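> Starting off with a structure, shown below.
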Amino acid sequence: MRQMYAIFKRELGSFFVTPLAYVFIVIFLLAIGAFTFYLGQWYEAGEASLRGFFGFHPWLYLFLIPAISMRMWAEERKSGTMELLLTLPAPFWASVVGKYLAAWAFAAIALFLTFPIWITVNYLGEPDNGVIFASYIGSLLMAGGYLAIGSCMSAVTTNQVIAFVLSVVVCFLFTLSGLPLVLDFFAGWVPQAVLNTIASFSFVTHFDAIMDGVIDLRDLVYFASLIAVWLVATGIVIDLKRAG
């Protein structure tokens, strides 16, 4: 655990060495503000709720989270420092998990900085703060899922742009699978059980359930399993690249 914590601190600190971290945070806050107040017409709705605010998170994460994850392993491989990292006196899994947790912590910082809108909705009305808190937890879990996928895609290539595109495509498929656009295509000629299975792979399906204020065990298991599977896949890819 000490080795993993050391890698975690090193990676988290590296985000703030360059202006990239600050640019990402500013873009995220400006984008979520624009989506909420202009596209979502939050003020015009007149509801003491942040559902419109959280409803845009999957689509923002679809592009912004791969921008974080694309450098996780692609940069290490391109610069040749991955071999040095893996020769450190630390278990192999510590490097994979440590780098992932650092990126997730950075995403959590960006998400936390949206707290003024929570204060605003409490000033203007009487929202259900339990639902809002659950939605923040769901948003953080969803960001973790996107990051796990991005970590694996970053390990596949040495090119950060390719890693970004691959991450967006895979995350888009996971996001889209629970929407009517996909489900309507299969409806009518596949069993309902298969239709439910397809919908169960969607980030949006599980996130919408959490936004209702209920953190169901099935949703927690989904995100935990998704993160675990993609982190294991990341480790397998890195091990294959190292052996090759």
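> So what's the angle, to the nearest 10 degrees on a 0 to 90 scale, between helix 2-15 and the longest Cα principal axis of the chain?
70 degrees
> Follow-up question, since we're still on this one. Relative to the longest principal axis of the C-alpha atoms of the chain, give the angle of the C-alpha long axis of helix 217-243, reported between 0 and 90° and rounded to the nearest 10°.
Orientation of helix 217-243: about 20 degrees from the principal axis.
> Next question. From a point 7 Å beyond the Cα of L20 in the direction of its Cβ, which residues of region 58-74 have a backbone N at a distance under 11 Å?
What the label zone holds, given the 11 Å backbone N cut-off, is 67-74.
> Taking 7 Å along the Cα-to-C-beta vector as the label spot, tell me the Q3-D212 distance in nanometres, rounded to one decimal.
Label-label distance for Q3 and D212, simple model: 4.5 nm.
> Okay, helix-only estimate at 222 nm for the chain: each DSSP H run of n ≥ 4 adds -39500 (n - 2.57), divide by all residues, round to 500 deg cm²/dmol; what do you get?
Roughly -24500 deg cm²/dmol at 222 nm, from the helical runs in the chain.
> If you take the beta carbon distance between W59 and V221 as r and set R0 to 25 Å, what does 1/(1 + (r/R0)^6) give as a FRET efficiency, to the nearest 0.05?
Result of the calculation: an efficiency of 0.55.
> So, one more: Using the per-residue mean of other Cβ atoms lying within 10 Å as a proxy for protection, in what order, highest first, do the peptides 147-157, 100-110, 216-226 fall?
Per-residue Cβ counts within 10 Å, averaged per peptide and sorted highest first, yield 147-157, 100-110, 216-226.
> Also, quick follow-up: Could you list the residues of region 146-184 with an amide nitrogen less than 20 Å from a label point located 7 Å from the Cα of E75 in the Cα-to-C-beta direction?
146-168
> Which entry is the computed Cα extents along the principal axes in Å for this structure: (1) 51, 40, 34; (2) 56, 48, 31; (3) 53, 43, 34?
Among (1) 51, 40, 34; (2) 56, 48, 31; (3) 53, 43, 34, the one calculated here is (2).
Throughout, read-outs are computed from the coordinates displayed, never taken from laboratory work. Since the model is a prediction, treat every value here as computed from it, not as a measurement. Don't worry about glycine lacking a Cβ; one is built from the backbone with ideal geometry, like all the others, and counts go over all protein chains shown.
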